[in-house]
Amino acid sequence: MNSNFDKLVRPNPGSTRTHPVINEPMKALGRHIIAELYGCAELRLSDVEYIEENMINAARRAGATLVNSTFHQFQPFGVSGVVVIQESHLSIHIWPEYRFASLDLFTCSETIDPWIAYQILKEALQAEHGSATEMWRGSLDLLHKYAKNSSEQQEQTDFPVIPKFNRNVWFTEWSENTAFSLKHTGNVLYRKTSPYQDIKIYKTSEFGNALVLDGCMMCTEKDEYIYHEMIAHVPMLTHPNPKRALIIGGGDGGTARELLKHESLEEVIMVEIDQDVIEASKLHLPTISEALDHPKLTITIADGIEYVRECDRAFDLIIVDSTDPIGPAEGLFNLAFYQDAHRCLTEYGILVVQSESPLLNSNLFQEIFSCHQQIFGSENVHCYLASIPTYPSGLWSFSYAAKGNIHPLKNFNREKAQSFAKMHSLNYYNAEIHLAAFALPTFVQKLLNLES
C-alpha cells in the first residue's frame, strides 16, 4: 500500500463520521475493511442465528447480492461465519469470553458500501467501541489486464445472472464428547427465554419444525411420533382398563395427543411448568399440539415435582415426559419424586419415564432403573427401547414400572394392540414393535444386571 493511497482511504481517528468519504472513482479492484468490535453484548455473541441474520442484513443494506452463508458455533463458545456475496464476502469471528468480534468486509463493486455493513454490525452486537481500517485491494496502477478468459469470451447478455442465495446454517446439540447437527433455514420461527429455559423452534431442511429447549432437541415434526407413540401406547395397551392419566411435562402436546386416542380414558391431566413451551408448540407445531384443546385434557401450569408431592388423587397411568435432567427437570430424576409418583398410582397403576440413552447416558440410565426397582420391586420394573434419529445416539430408553403385577408382555393383548394401531394409522407402534421393544441388546442387559 503506497503512502498516497494510505492517506486517501484511512479514516481519521478523531472524525465523528461513521466512514470516510471518497470523492473520486475507486482505482482498485476492491475495497477491504478490517474491523474490530470491543465490549459487545455477551448474550448476542453466542447466538449463531442472530449473528447470521444480522450479517445477511448488513450485506443486503450495503447493496450486496447474496450468494451463500455458512456459520458454525464452536464449543464451549465462539462463532465463525461468512456471507458470500456476488461482489466478494463478509466474514466474522467471535470470542464471547472477551466480548470481541473481528470483521472482514470485502467488496469489488463501487456500488457496495462496506461501511454501511460495519455500522449495522456494530449496532447489532451492541459494541461499546470499534476500530476499522479500509484498504483498496488490487491497485489498478499496478495491474495489467491479460487476455480474456474463456467465460469472458462468451457472448454477453443484457441481463446479469443473479445467483440463488443458499443459507448453510446448522443447529448443533453438543455434549461433552459428541455433537448432532441439523441444517435449518436460518430463520428462527420462535425464540424466547422463559423464566425456566431458552426456547427455540427452527425450520429444518429435513425434519420440519424442531423444538429446542436449552440447546437440547426435544422433538421434530418428522420423527416425533416415535417417541410419543412409544411413551403412551406401551403402557396404555398393557393396562387392562385405564381411566385417568397424568402427564408430567409434555408441553409440546404429543404425549397428550397419543393418550387421547384411547377412548377408555376419562381424564388426562398435563402438568407443564412452562406456559411458553405450550404457546410455542401451538404456534409452530400444530400436528403435535393438536390435542391441547381436547375436552378430556386439563392443563395445569405448575411444577410437576410439587404437584406430585401434594397430589391427593390416584391415576392409572403416570407418564414423565421431561427434558434432560438439567434446569427445571432436574428434580424429576430422583428417588423422592419417584416415591411420590408411586403413591399417586392406583393399585394397578403404571409409571413410564423417558430414561435417556443407555449408550451415551449410561450412568443416569442405570440410576433411574435402580430407583424404580427400589420402589416398585425388581420384578415389576422393565426397560424398553426405541430408535429415534434426532436424539443423542439414536437409541432411546423408557422405564416401565408397575405398582401391581401388570407385566408389559404377559398381560399384553396382541390382537387389541394391532387393531388399535391400524385404526389410528400409527406410524411406529404396533403389536410386534411392542414385543420387540423389550428385547434388550446384551450391553443394555449388562448395564441393568439382567444377563441371567
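The values are calculated or read from the model by the stated rules, or taken from the named source; none is laboratory data. All values derive from a computational prediction rather than experimental measurement. Please note: Cβ atoms are built from the backbone with ideal geometry, for glycine as well, and neighbour counts cover all protein chains shown.
Quick rundown of the values:
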read-out	value
Selection within region 38-56 - part of a helix (DSSP H, G or I) and either among the hydrophobic types (A, V, I, L, M, F, W, C) or more than 29 Å from the chain's Cα centre (by Cα) (or both)	Leu43, Leu45, Val48, Ile51, Met55, Ile56
Hits in region 262-275 (condition: over 23 Å from Ala417 (Cβ atoms) and buried (at least 18 other Cβ atoms within 10 Å of the Cβ))	Ile269, Met270, Val271, Glu272, Ile273, Asp274
Filter result (over 14 Å from Ile33 (Cα atoms), hydrophobic (A, V, I, L, M, F, W, C) and outside any loop (DSSP other than H, G, I, E, B)) within region 121-146	Ala124, Leu140, Leu142
Residue in region 359-378 that is surrounded by the fewest Cβ atoms within 10 Å (Cβ to Cβ), counting only those that are assigned to a helix (DSSP H, G or I) and of a type in the set (A, V, I, L, M, F, W, C)	Leu364
Hits in region 278-326 - residues which are in contact with an Asp or Glu (Cβ under 8 Å, 6 or more places away or on another chain) and hydroxyl-bearing (Ser, Thr, Tyr)	Ser281, Thr287, Ser289, Thr298, Thr300, Thr323
Subset tally (residues that are of a type in the set (D, E, K, R), surrounded by 19 or more Cβ atoms within 10 Å (Cβ to Cβ) and under 15 Å from Thr323 (Cα atoms)) for region 181-229	2
Qualifying position, being in the same structural domain as Ile120 (by TED's automatic domain parsing), crowded, with 17+ Cβ neighbours inside 10 Å, at pLDDT 90 or above and assigned to a helix (DSSP H, G or I), among Ala64, Ala101, Ala35, Ala59	Ala59
Any hit, region 333-346, residues being closer than 22 Å to Ile199 by Cα, crowded, with 17+ Cβ neighbours inside 10 Å and either in the same structural domain as Leu426 (by TED's automatic domain parsing) or within 22 Å of the chain's Cα centre (by Cα) (or both)	yes
Residue that is surrounded by the fewest Cβ atoms within 10 Å (Cβ to Cβ) [pool: residues in region 379-404 that are more than 16 Å from Val444 (Cα to Cα), out of contact with any Asp or Glu (no Cβ under 8 Å at 6 or more places or on another chain) and not hydrophobic (A, V, I, L, M, F, W, C)]	Glu379
Breaking point among (1) of a type outside the set (Phe, Trp, Tyr); (2) crowded, with 19+ Cβ neighbours inside 10 Å; (3) free of Cβ contacts under 8 Å to residues at least 12 places away in the same chain, for Glu123	(2)
Filter result for Asp252 (within 19 Å of Glu221 (Cα to Cα), without any contact (Cβ under 8 Å) to a residue 60 or more places away in the chain and buried (at least 17 other Cβ atoms within 10 Å of the Cβ))	yes
Some residue of region 395-407 being in contact (Cβ under 8 Å) with a residue 24 or more places away in the chain, of a type in the set (Val, Ile, Thr) and part of a strand (DSSP E or B)	no
Number of positions in region 274-317 that are among the polar types (S, T, N, Q) and either under 17 Å from the mean Cα position of the chain (by Cα) or part of a helix (DSSP H, G or I) (or both)	2
Condition broken by Asn363, with the remaining ones in (1) within 19 Å of Ala402 (Cβ to Cβ); (2) free of Cβ contacts under 8 Å to residues at least 40 places away in the same chain satisfied	(1)
